[in-house]
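J.: Could you have a look at this structure, given as structure tokens, before my questions?
Coordinate-derived values only; no laboratory data. Given the structure is predicted, the values throughout are model-derived calculations rather than measurements. Here the Cβ is made from the backbone with ideal geometry for all residues, glycine too, and neighbour counts use every protein chain on show.
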Amino acid sequence: MLLLNRREIERLLDPDRLVESLGPAMAELSAGHVSMPARVAAQVGKHGGLLATMPVYLPSPQVLETKLVSVFPQNAARGLPSHQAVILVFDPATGSLRAMLDGTAITAVRTAAGSALATRLLARPEARTLAIVGTGVQARTHAQAIPRVRPVREIRVIGRHHDRAAALAEEIAHGLGVAAKAYDWGRGAFAGVDIICATTHSPEPVVSGEWLEPGMHINSVGLNAQGRELDGETVKRALVVVETRAAALAPAPSGSNDLLWAIRDGLVGEDHIHAEIGELISGVRPGRTSAQQITLYKSVGVAAQDAVAAHLVLEAAAERGVGRELEI
């Protein structure tokens, strides 16, 4: 069994190649060629956390793997990641364990890569102003990923804690060479924005439909079993795209309360989901059809994306001779 740690994965996983590779995999998933059962999660009510398992078999690159991921939103106060994971990769011909990878690093990068793919497909080509809601790991990875697919010239970091937002804005400006500034949460922070990335565990909405302007694109990757980060009006006003309908509409804690609660409240029906991202890739469904449209990519995270990332990591590890062989 090959063991790869976080630092090795961060060196090996090419974010541009990952975005490109996600497209065919998502089309394969929407076409029904991927074996990806529903995520199963054990909830730890006392601490507001969960442990989920996410198995998948992706035929094209021949990847058989599963991810074990814990999601504990309260970890931020403990100085720990809210998401912690391990990915186990198996030989698809024999079922033998082939590799164990740090899943925390892969989850961080592949989630942002999924948003970058959606942004490439849905955001206006001239989109230049990016607002990131949140100050955690996904805020950082989205700040790095979105400028790879759109000519971002300004990044706004929006947070309820101004000092954290200011620190992240400074880090982004220094690391990316893009103008970045902290904004307090509120209507004014979103004025004139082209792309919004909501990356929080907030139980209360951080994006309000009343604040949206024509032509905006929204990526929402936050999940909270007790709440949502988008209000119902945001969902109602947007052309909604998801990874898969089944995953997005699965009961909590696996599915999206952002969508489920909008349906529950009678604001939209299940048919309000316009498309899966793979349907946009294959051309089965169109994406944005006007510059005035508001578009929304609501992500809950799917194992097929983990499989693509794991495959790329293992390919690069084999080419460079990285990793340690262990017996268990």
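J.: Can you compute the helix-only [θ] at 222 nm over the chain? Use -39500 (n - 2.57) per DSSP H run of at least 4 residues, normalise by all residues, nearest 500 deg cm²/dmol. Display every interim value, and only then the final one.
T.: On the way: 11 runs with 113 residues, N = 328.
The per-residue figure over the chain is -10000 deg cm²/dmol.
J.: Rounded to the nearest 20 debye, what is the charge dipole size of the chain about its Cα centre when +1 sits on each Lys and Arg Cβ and -1 on each Asp and Glu Cβ? Don't skip to the end; give the middle numbers.
T.: Values: 32 positive and 34 negative charges, 86 e Å.
Taking the Cα centre of the chain as origin, the dipole is about 420 debye.
J.: Report the trypsin sites (Lys or Arg not before Pro) located in the stretch 26-131 that are in a DSSP loop and have at most 16 other Cβ atoms inside 10 Å of their Cβ, or state none.
T.: Details: sites: Arg39, Lys46, Lys67, Arg78, Arg98, Arg110, Arg120, Arg128; in loops: Arg39, Arg128.
Passing both the DSSP loop test and the Cβ count: Arg128.
J.: Additional query: So how do His201, His311 line up by other beta-carbon neighbours within 10 Å, fewest first? Show your work: numbers first, answer last.
T.: Numbers: His201 23, His311 20.
Result, fewest neighbours first: His311, His201.
J.: Work out Dmax and Rg for the stretch 168-227 from the C-alpha atoms and quote the Rg first, both in angstrom.
T.: Rg then Dmax for the stretch 168-227, in Å: 12.9, 37.
J.: Can you put Val284, Val240 in order of Cβ neighbours within 10 angstrom, beginning with the fewest?
T.: Details: Val284 13, Val240 24.
In order of increasing Cβ crowding within 10 Å: Val284, Val240.
J.: Now, a different point. If you take the Cα Rg of the stretch 117-301 and divide it by 2.2 N^0.38 Å, with N the number of residues, what do you get? Can you show the working numbers first?
T.: Details: Rg = 15.3 Å, N = 185, 2.2 N^0.38 = 16.0 Å.
So the stretch 117-301 has a normalised radius of gyration of 0.96.
J.: Still on this model: Taking a cut-off of 17 Å between Cα atoms, list the lysines near Lys236, but don't count ones fewer than 8 places away on the same chain.
T.: Excluding near neighbours in sequence, the set is Lys298.
J.: Using the 10 angstrom Cβ neighbour count as an exposure proxy, how do Leu80, Leu3, Leu314, Leu121 rank, fewest first?
T.: Details: Leu80 10, Leu3 14, Leu314 22, Leu121 19.
Lowest to highest Cβ neighbour count: Leu80, Leu3, Leu121, Leu314.
J.: Rank-order 220-226, 202-208 by packing density, defined as the average count of other C-beta atoms within 10 Å over each peptide's residues, highest first. The partial results should precede the final answer.
T.: Working: 220-226: 22.0, 202-208: 18.6.
Descending packing order for the listed peptides: 220-226, 202-208.
J.: Where the only charges are on Cβ atoms (+1 Lys, Arg; -1 Asp, Glu), what is the dipole of the stretch 117-301 about its Cα centre, to the nearest 20 debye?
T.: On the way: 20 positive and 20 negative charges, 87 e Å.
Roughly 420 debye, rounded to the nearest 20.
J.: Based on C-alpha coordinates, I'd like the Rg and Dmax of the chain, in Å.
T.: Every Cα atom of the chain included, Rg and Dmax give 18.8, 57 Å.
J.: Select from Ile155, Gly49, Gly321 the residue farthest towards the positive end of the dipole of the chain; place +1 on Cβ of Lys and Arg, -1 on Cβ of Asp and Glu, and compute about the Cα centre.
T.: After comparing all options, I get Ile155.
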